[in-house]
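A.B. asks: Sharing a structure with you now.
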């Protein structure tokens with residue numbers, strides 16, 4: 001009776017049932033323990049064969065069912081099945097060319113093309129298998145186990161104990177593809193061991209006296225090596241250790257991580273770092289995926305023995321770091337929690353005892369100017385968004401940042417509302433950002449602010465697109481210590497002040513469209529005109545109003561038609577002005593040319609202006625943008641602002657992307673005649689901005705990448721032309737295939753923190769599929 005021969009007659013079905021009952025009876029009467037059916041029909045399966053439920057263990061009490069082409073019986077109790085034999089018990093399925101079963105001993109022997117489907121979904125192939133005790137005990141020769149993720153385990157022989165321990169001799173393991181044309185060729189990599197133990201209960205495989213072979217050549221000897229079964233997604237145990245031969249601050253160091261799978265939703269990774277130049281470090285990461293949110297906490301502590309003297313910072317001041325050694329630590333925590341369908345809460349904590357500790361122990365985030373921590377509650381509605389949060393900043397680079405001047409935001413409230421079109425065809429929107437802000441050294445203030453906006457678009461028969469905007473900005477402040485940064489007012493008294501600015505604007509877009517290139521292309525020429533009317537409220541920079549969000553004035557093509565070209569609302573654009581521009585676009589057969597040029601005409605030029613704003617005359621500096629994409633291999637975007645009165649470029653930036661699939665180049669450039677960050681660093685009202693402010697921002701960056709078959713390489717660099725030094729350089733060289741990955745990364749950052757900078761970091765990453773990633777830092 002073969003299940004591969006189509007339909008079975010009623011008579012043959014009866015024979016199948018009879019054999020099932022007879023075999024079950026013999027199992028009970030004799031000493032065999034392959035299983036016993038609960039009733040007579042339990043031994044009968046569908047003619048399609050067994051259904052194997054992955055992951056469910058088999059019991060020796062489970063019934064046994066078999067199918068065979070031929071069978072014979074001897075008085076001694078020996079049964080022989082031959083020709084496409086299939087036997088299954090519970091969730092075990094066995095196939096072979098020939099099977100003999102001895103009722104007196106309960107031993108089943110299978111020969112020829114033996115295949116066993118295990119409850120975990122793996123398949124074991126062998127030349128000869130001998131099983132007993134419900135397929136829980138046995139031996140096998142010339143075995144081959146195929147597991148998940150294309151993992152393969154072969155051995156000369158195997159002994160199975162209690163259905164969970166497979167003890168193998170002369171074992172070989174790999175997750176690489178075997179060459180179909182030459183199967184005897186060694187795989188890309190393999191573990192070759194004197195013996196191996198597969199523990200199915202704990203889902204681990206342990207190798208003894210193993211060699212890691214690459215292309216059949218022994219590379220690394222491993223006296224003992226243990227790994228998770230490929231079917232395991234997460235399991236407690238030691239992870240791949242890391243060894244680094246040399247580091248400027250750590251010397252030779254090693255990391256030993258341990259992963260603890262606490263339960264299905266949470267885990268903990270602990271890591272010990274031992275170095276030759278400083279004290280050890282213990283760090284860890286805790287993760288928890290809750291039903292209503294998630295938690296991710298990373299932290300560590302160490303005894304840092306490095307001592308560093310004082311240095312001179314950017315402002316010419318002596319800065320010490322006497323407290324940046326000894327017991328040090330860091331914490332990085334994120335949490336996000338759903339309150340209900342409209343509200344959620346979260347926290348982001350980033351703290352470190354010192355920047356030097358982060359540098360010495362390679363803590364992620366070193367090189368940043370500051371660390372930001374906040375906690376928030378936010379809600380989402382139909383057309384509305386609300387957020388209440390608080391924030392704390394810790395300066396890392398004391399060479400350019402003074403910690404006492406960084407703010408505490410306690411708290412801040414933001415709300416945005418976008419309405420639906422009303423009966424007049426307009427749309428109402430409102431926005432507010434209110435806060436209480438404290439500085440140990442600097443302005444501390446409170447702000448209440450409301451911005452209301454009404455937009456009414458309409459068209460006419462000439463194809464003109466009009467937009468009428470009415471807006472009202474209102475703000476009230478209470479500030480103290482206004483004589484300190486960033487306002488430097490000439491008063492130490494508390495001040496209560498505010499501003500109200502109504503604005504009306506009318507904007508016209510008049511696009512002219514035509515087709516060309518035989519109908520495959522379109523050309524758009526679009527004149528744009530905008531008139532803005534607002535009261536001349538005077539120079540609010542001298543009205544004892546704090547300034548927290550408008551420290552930079554951005555006049556470019558992206559803000560040419562903005563009602564307020566400051567980044568915030570503490571400073572506002574008032575008075576009468578008009579903006580004009582021309583937008584052009586040509587698109588045909590995948591080619592694109594897009595440009596915009598424009599200028600602003602203004603009545604007042606002395607309100608709230610900072611140097612190099614481009615608005616020093618009634619006619620502003622022209623601004624423009626162009627994008628060229630003539631084909632799929634080239635994309636160029638450039639924008640800038642030109643000062644015709646001094647014959648210079650006051651702002652410019654560009655992005656270039658060019659290449660083919662196997663080779664690509666990215667480049668960028670940015671220029672500004674000053675470094676805006678330092679404008680408010682000193683009292684600019686008395687002696688003007690500090691000299692550092694007048695250092696141009698003039699940087700170029702470039703990157704080259706290539707990918708060919710299984711190889712990839714890239715190199716990048718960023719250089720400050722004005723400072724005649726690199727900011728960072730790096731590169732990556734790698735190879736990857738179906739079972740292996742190699743990446744060699746080199747990074748050099750020139751950022752100076754604590755008066756020093758790190759040397760070049762070289763990282764080697766070796767990834768072995770189903771085993772893990774092994775890294776070496778240099």
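What follows draws every value from the coordinates through simple rules; no lab data is involved. Everything numeric in this text was worked out from a predicted model, so none of it was measured. Every residue, glycine among them, receives a Cβ derived from its backbone with ideal geometry; neighbour counts consider all protein chains shown.
A.B. asks: Fewest to most neighbouring Cβ within 10 Å: what's the order for 179, 739?
C.D. replies: The fewest-first ordering by Cβ neighbours comes to 179, 739.
A.B. asks: Between residue 369 and residue 208, what length comes free when the chain is fully extended (0.36 nm per residue of separation minus the Cα-Cα distance, one decimal in nm)?
C.D. replies: Details: separation 161, 0.36 × 161 = 57.96 nm, distance 4.93 nm.
Here the segment from residue 369 to residue 208 would lengthen by 53.0 nm.
A.B. asks: Could you state the angle between the C-alpha long axis of helix 10-29 and the longest principal axis of the C-alpha atoms of the chain, as a value from 0 to 90 degrees rounded to the nearest 10?
C.D. replies: 80 degrees
A.B. asks: Can you compute the label reach from residue 215? Point 7 Å from Cα along the Cβ direction, backbone N cut-off under 16 Å, restricted to region 696-735.
C.D. replies: 710-711, 735
A.B. asks: Which shape class applies to region 514-625: rounded if a/c is under 1.5, otherwise prolate when a/b exceeds b/c and oblate if not, where a ≥ b ≥ c are the square roots of the Cα gyration tensor eigenvalues?
C.D. replies: Prolate shape, in that a/c is at least 1.5 and a/b is the bigger ratio.
A.B. asks: Would you list 178, 143 from fewest to most Cβ contacts within 10 Å?
C.D. replies: Details: 178 13, 143 23.
Ordered by Cβ neighbours within 10 Å, fewest first: 178, 143.
A.B. asks: Extension gain residue 327-residue 161, at 0.36 nm per residue separation less the Cα-Cα distance, in nm? Before the final figure, lay out the partial values.
C.D. replies: Details: separation 166, 0.36 × 166 = 59.76 nm, distance 5.12 nm.
That works out to 54.6 nm of additional length.
A.B. asks: For the chain, what are the per-bin percents of Cα-Cα distances with bins 10 Å wide, up to the bin holding the maximum?
C.D. replies: Once binned at 10 Å, the Cα pair distances of the chain give 2, 9, 14, 16, 16, 13, 10, 9, 6, 3, 1, 0.
A.B. asks: So, one more: Could you give the distance between the Cα centres of region 213-254 and region 443-472, to the whole Å?
C.D. replies: 61 Å
A.B. asks: Still on this model: For region 358-497, what is the convex hull volume of its Cα atoms per residue in Å³?
C.D. replies: 196 Å³
A.B. asks: Apply 1/(1 + (r/R0)^6) to the Cβ-Cβ distance of residue 525 and residue 702, taking R0 = 35 Å, and write down the FRET efficiency to the nearest 0.05.
C.D. replies: Values: r = 35 Å, r/R0 = 0.99.
So the FRET efficiency works out to roughly 0.50.
A.B. asks: If eta is 0.890 mPa s and T is 25 °C, what Stokes-Einstein diffusion coefficient results for region 626-765, Kirkwood Rh from Cα pairs, in µm²/s? Display every interim value, and only then the final one.
C.D. replies: Values: Rh = 18.2 Å.
Here the translational diffusion coefficient equals 135 µm²/s.
A.B. asks: Can you work out the PRE-style zone for residue 669? Point 7 Å along Cα to Cβ, and I want the residues of region 697-718 with backbone N under 19 Å.
C.D. replies: The answer is 697-704, 716-718.
A.B. asks: Stretched out fully, how many nm does the piece from residue 408 to residue 616 gain, at 0.36 nm a residue minus the Cα gap? Please list the in-between numbers first.
C.D. replies: Values: separation 208, 0.36 × 208 = 74.88 nm, distance 3.50 nm.
Gain on extension, residue 408 to residue 616, equals 71.4 nm.
A.B. asks: Between region 728-745 and region 491-508, what is the separation of their alpha carbon centroids in Å?
C.D. replies: Region 728-745 and region 491-508 have Cα centres spaced 55 Å from each other.
A.B. asks: Okay, next question. Please give the residues of region 346-381, grouped as numeric ranges, whose backbone N is less than 17 Å from a label point set 7 Å along the Cα-to-Cβ vector of residue 438.
C.D. replies: 373-375
A.B. asks: Mind giving me the nanometre distance, one decimal, between the label points for residue 467 and residue 246, set 7 Å out from Cα along Cα→Cβ?
C.D. replies: 5.9 nm
A.B. asks: Additional query: Using a 7 Å offset from the Cα along the Cα-to-Cβ direction at both residue 234 and residue 311, what is the distance between the two label points in nm, to one decimal?
C.D. replies: Each label point lies 7 Å from its Cα, and together they span 4.0 nm.
A.B. asks: Okay, next question. R0 = 60 Å: FRET efficiency of residue 518 with residue 70, Cβ-based, nearest 0.05? Intermediate results must be reported in sequence, preceding the final value.
C.D. replies: Working: r = 76 Å, r/R0 = 1.27.
Taking R0 as 60 Å, the efficiency between residue 518 and residue 70 is 0.20.
A.B. asks: Highest first, please rank the peptides 341-351, 673-683 by the mean number of other Cβ atoms sitting within 10 Å of their residues.
C.D. replies: Highest mean packing first, the order is 673-683, 341-351.
A.B. asks: Further question on the same structure: Using 7 Å Cα-to-Cβ label points, what is the residue 178/residue 274 separation (nm, one decimal)?
C.D. replies: In this crude spin-label approximation the distance works out to 4.1 nm.
A.B. asks: Continuing with the same structure: Using a Förster distance of 56 Å, how high is the FRET efficiency between residue 648 and residue 764, based on the Cβ-Cβ distance and rounded to 0.05?
C.D. replies: On the way: r = 48 Å, r/R0 = 0.85.
Given R0 = 56 Å and the Cβ-Cβ separation, E is 0.75.
A.B. asks: A further question follows. Rounded, prolate or oblate, given the Cα gyration tensor of region 186-277, with a/c below 1.5 counting as rounded?
C.D. replies: Judged from the Cα gyration tensor, region 186-277 comes out oblate (a/c at least 1.5, b/c at or above a/b).
A.B. asks: Follow-up. Among 660, 597, 582, which comes first, then next, by fewest other beta-carbon atoms within 10 Å?
C.D. replies: Details: 660 9, 597 16, 582 13.
Fewest-to-most Cβ neighbours within 10 Å comes out as 660, 582, 597.
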